[in-house]
Structures are given as structure tokens and as C-alpha cells.
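The values are calculated or read from the model by the stated rules, or taken from the named source; none is laboratory data. Predicted model, so just to flag it, every value in this text is computed and none were measured. Ideal geometry is used to build each Cβ from the backbone, glycine not excepted, and the neighbour counts take in all protein chains shown. The accessibility values were calculated without ligands, DNA or RNA, using every heavy atom of the protein model including side chains. Shrake-Rupley method; radii C 1.70, N 1.55, O 1.52, S 1.80 Å.
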Amino acid sequence: MRHFLTLLDVTSEEARYILKRAAKIKRKLKEGKATRSLEGKTLGMIFDKASTRTRVSFETGMFQLGGHALFLHSGTTQLGRGEPIEDSARVLSSMVDCVMIRTFGHDIVQKFAEYSAVPVINGLTDLTHPCQILADVFTYEEHRGPIEGKTVAWIGDGNNMAHSWVNGAVSFGYKLKIASPEGYRPDEKLLAAATALGADVSLTNDPIEAVDGADLVTTDVWASMGQEDEQLEREKAFAGFQVNDRVMAHANPDALFMHCLPAHRGEEVTASVIDGPQSVVWAEAENRLHAQKGLLDFLLSGQG
Ligand code: CP
Ligand code: NVA
């Protein structure tokens, strides 16, 4: 029984296997052929935060694989009324085959996993968003081939997405250049752990330096869910960290642009970039579905 709380919960070989399965299942789907590897299986999806892509991709993915997904909003379950995580994990995992959780503290998914009898998937915490990186690497490789040895530039907040790009550097072997303002850099412990496992990550406070030689440029909102009160101070701190045409011009000419979405045009990215020719954000969003089907298949059909 395996959990997927961060990318480092699977080996590089397993991460590769998940993407290979995803590619095969996607190809078959596009040919009109179903993959029903999860007949009769159920995924419980706990959401403490809003979601469009994560909810729809997991729910649709389970349905397409022959299973079923339950949407459990914390506000309408006993979790929202203070039932302990341990008790909820024991009860839910006695009925469903897998649990996906989107919440605030990473310790919540860790505790849930500790008491769960079935695999637990992190659908985003304040610390990491590993499912998104599966989709992002999948998308890069669909457009440009192997990501190993390529350079990824992260511009902006050292947030959950940045952390998952850091972990992804271990799993997928790309070089990562991060440009963040002082005070908003990625978590030092997470960075040190990934570096110890071989991640090639550099930090700067100059976006132009970060995108120099980049094959992929990516960013995220300046204020993540739960940080809405910090919007104004963050707008000031990140003012020089917008991905715009000037920044993209310093990346490699065939560089792609990605954003996990939702995006704020005019803040972390200009419309000219996100809606421009280098952007693959719509393919990236669709690939949440395909990459997670690979993950679910890996965790639930006996490979995990
Ligand atoms: N990228 C992402 O996780 O989107 P949602 O918040 O809509 O799920
Ligand atoms: N960093 C963002 C990602 C949303 C998918 C957030 O946590 O709100």
C-alpha cells in the first residue's frame, strides 16, 4: 500500500511508470477505447479548499477507469465539525479504496495517511502539489520530448508549486532555476532534502537570470489559497517577478510557458504570455486528467 503525499513517495522509475501508463491510457481514450482498470473502486475526495481542475480531473478519471468518486467537502462532513483526522481516516478508509485530500497543513495529509488503510493522494497542501507536476512534466514531454537535462525556470513565490518543482527535479532530472524575492523563497529544509537526493536547483532574485537558457518557464499566483489577506503586500513584493514578453525573450526561443491555473493576468503573468504561442496551459490543465489516471492506476491496480 502506497501513498502519494509528495513526488518523493515514489521512485524516479515509478514516476516514469506513472507517466507511461498515463500516456497509454490517454492514447487509448483518444482512440475511443476505454481502460477500465478500476472497476468497482471508489475514491473519496476531501476538499478543505476550492478546486476546479483537481476535483473534475479526479472525478472524471475515476469514472473513466470504471470506478467512482465521492466529493466530500469538509464543511458538510463531520471533519468540518472537529471529528479527529485519525478517526475520519480509519472510517473512510474502511469504505473507499483511495482517498484524495486537498487541505492546508501538510501535517493533515500525513496524519490521515498514517491512520488510513488505503492509499492517500495529496491533492494540494500548503507545502506541495505533486499531482500538478506529473501533469506538467507529461505536458512538457508531449511537446518537446524528454525533460531530463532540460532547464526549468520558476519565477515568483516559493510556494507549494515551487516545492513540487523542486521535488520533481529529483524524480525527473531537470535543472531548476528559481527566482523569488527575499522572504518568499522555497522552504530551506525541503530544498536541502531534494538537493541531497541529487536535485540541481539554483536560487536568484533576478527573473532574467533564472530564465536564461530555460526550456520551460513557469509561475503561479502571488497569493495562494489561505493567503488572501496578504494580497496587497505580496503585489508589492512580487512586482518585479511578472512573466511578461521581456522575460520570455531571455528564455530559449522554443521555451514553453506553463501555469497550474487559476492565473491572474496582469499580475504574475501577462495575457500576451499566457494566451501567447509559447503557452501550453490548456494542454497542461487537460493533462491533470490523464496524469492522475496513470497515478490512480499505479496506486490501485496492483502496481503500486
Ligand atoms: N491547478 C489546480 O490544482 O487547479 P484547481 O485549484 O482548480 O484544482
Ligand atoms: N499555489 C496555488 C496553487 C493553486 C492550484 C494555491 O495553493 O492556491
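At a glance:
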| quantity | calculated |
| --- | --- |
| Loop chymotrypsin sites (Phe, Trp or Tyr not before Pro), segment 5-114, which have at most 16 other Cβ atoms in a 10 Å radius of their Cβ (DSSP) | PHE104 |
| Reach of LYS49 by Cα under 21 Å, taken over lysines that are not fewer than 8 positions away in the same chain | LYS111 |
| Segment 76-169: relative contact order in percent, alpha carbon pairs under 8 Å with at least 6 residues between | 23 |
| Taking the chain and dividing mean pair separation by its residue count, relative contact order in percent (alpha carbons under 8 Å, at least six apart) | 21 |
| Pairs of lysines in segment 132-284 (C-alpha under 24 Å apart; 8 or more residues apart or interchain) | 5 |
| Per residue Cα convex hull volume in Å³ - calculated over segment 132-284 | 97 |
| J(HN,Hα) series, segment 243-255, from Karplus relation 6.51 cos²θ - 1.76 cosθ + 1.60, nearest Hz, glycine and proline x | 8, 10, 4, 5, 5, 4, 5, 8, 7, 4, x, 9, 5 |
| Reachable lysines from LYS293, criterion Cα separation under 21 angstrom, eight or more residues apart if same chain | LYS20, LYS24, LYS26, LYS28, LYS30, LYS33, LYS41 |
| Full-stretch length increase - ARG246, GLU13 - with 0.36 nm per residue and alpha-carbon distance subtracted | 80.1 nm |
| Å² of accessible area per residue within the chain, as computed with a 1.4 Å probe and no ligands counted | 41 |
| Interchain or long-range residues, amide H under 5 Å from HIS73's placed H | PHE47 |
| Portion, in percent, of the accessible area of the chain that falls on carbon or sulfur, probe 1.4 Å | 51 |
| Span from the segment 28-46 Cα centroid across to the segment 102-150 one, whole angstrom | 19 |
| Estimated [θ] at 222 nm from DSSP helical runs (n ≥ 4, -39500 (n - 2.57)) normalised by residues in the chain, nearest 500 | -12500 deg cm²/dmol |
| R0 of 22 Å, Cβ-Cβ distance ARG81-GLU230: FRET efficiency to nearest 0.05 | 0.20 |
| Most mobile listed residue (LEU232, LEU134, LEU261) in the chain, GNM with C-alpha springs under 10 Å | LEU232 |
| Highest-first arrangement of 88-101, 203-216, where packing means the average Cβ count within 10 Å | 88-101, 203-216 |
| Note, ³J(HN,Hα) from phi for segment 138-149, Karplus 6.51, -1.76, 1.60, rounded to Hz, x at Gly and Pro | 4, 5, 4, 5, 4, 8, 10, x, x, 8, 4, x |
| Cα-centred dipole magnitude for the chain, charges only on beta-carbon of K, R (+1) and D, E (-1), debye, nearest 20 | 1320 |
| Three-way shape call for segment 28-69 based on the alpha-carbon gyration tensor, with the a/c threshold at 1.5 | oblate |
